[in-house]
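The values are calculated or read from the model by the stated rules, or taken from the named source; none is laboratory data. These numbers were taken from a predicted model, which means no experiment stands behind them. FYI the Cβ positions are ideal-geometry reconstructions off the backbone, even for glycines, and counts take in every protein chain you see.
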């Protein structure tokens, strides 16, 4: 009987130890929403591919998300078991937020402190609780920053309160953190030199009358009208368009380009090109290559604005606005477009356009654009005034190619003839791009296209 009891106890101890070892070797990995594209700050969860309790392999899709630019899948970076889902379907999640917890074997994976770990260290927990209470007491008396548009961490506000820095004085401190935030180093550096600076007289705060919100005129409806709710992507695109108009000082320049040589050359070589390369040669890659060459000649059009700084881009990444079957637009990006010849440009354009129509673009396909081209002529428009794709500073619209009567200058005199012409519209941010640069850019583009060699190869 004693021997039997000893065996039972031995087995029980072994089971407990095994479970403890297994538990101690498990880690909890935080699956975060990755960056989905430039200027994209959030995404909507459309569906969870995996459920709680299911095993997940590396690079296996866990959740599907959607932005205003692209629908995408979020893969797992580790192998393990999905133990927690932090957001439901249709929830809007910010980039960088943790959306799920995956439990993995091994302790090398970045872990999230579990409940069991917390309970094994009561002394530490008591210490932490006391620290939290002390922080609460300290931060309860910190200055009120609710009137400011800047974010201040509790530590910065606590230092400001202790050193007697008012909110008005705090606003004058230059921040080196993300989005101009004031860091601990910034405020300590300011305090170090504070005594050497003349004190600023802070004027009493002015009482401003709250501005009334601008409301659109009420819409009257008849019995024949139909209410159609905007799609999620439509809402986001609308917001981005309004934000762009409010951010950039839009100015447009227009120019007419004679593309007769290009039309005749394409008609001459398109069959041979398709036979050799296995795909069609359209006008779009010809124009995109010319734009890339023009950007190389005018690099200050390939910039972005970051506060009071100008970011001069090192790469020429051309965004190509493409229409989706539902009528919305997406802007896939041709990376290092200035390094591509016509064949390479054609393959890139056809590949991105095809995957855009098939909703097969990946997040990387729409990131990193430095300049955008949109073809409004594809819908029959003669010209357009496109809205800048933030944070870029310019966008080009290609109008429809038309046969028009034109004056032809020859050594024997001027004649009237039929020419293939198109209008090009150039929208640019007048904060950093003046009319001279905006106009010279399309003038150079015109010269490049009109000097097209009819006898060149592809």
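For residue 296, the criteria (1) loosely packed, with under 15 Cβ neighbours inside 10 Å; (2) outside the structural domain of residue 387 (by TED's automatic domain parsing) hold in every case but one, which is (2). Taking (1) within 21 Å of residue 365 (Cβ to Cβ); (2) in a strand (DSSP E or B); (3) over 16 Å from the mean Cα position of the chain (by Cα) in turn, residue 84 satisfies each apart from (1). Those strands (runs of 3 or more DSSP E) of segment 344-444 in which 3 or more residues are free of Cβ contacts under 8 Å to residues at least 40 places away in the same chain, surrounded by fewer than 16 Cβ atoms within 10 Å (Cβ to Cβ) and touching a helix residue (DSSP H, G or I) at 6+ places or on another chain (Cβ under 7 Å) are absent. Report yes if residue 306 is over 24 Å from residue 347 (Cα atoms) and surrounded by 14 or more Cβ atoms within 10 Å (Cβ to Cβ), otherwise no. Taking the combined requirement at face value, the residue does not satisfy it. Here the condition is being outside the structural domain of residue 90 (by TED's automatic domain parsing), touching a residue at least 40 places away in the same chain (Cβ under 8 Å), within 30 Å of residue 44 (Cβ to Cβ) and surrounded by 17 or more Cβ atoms within 10 Å (Cβ to Cβ); of 288, 233, 241, it holds for 233 alone. The test for being over 30 Å from residue 174 (Cβ atoms), at pLDDT 95 or above and not in a helix (DSSP H, G or I) holds for residue 319.
Looking at residue 455, is it on the phi < 0 side of the Ramachandran plot and assigned by TED's automatic domain parsing to the domain that holds residue 369?
no
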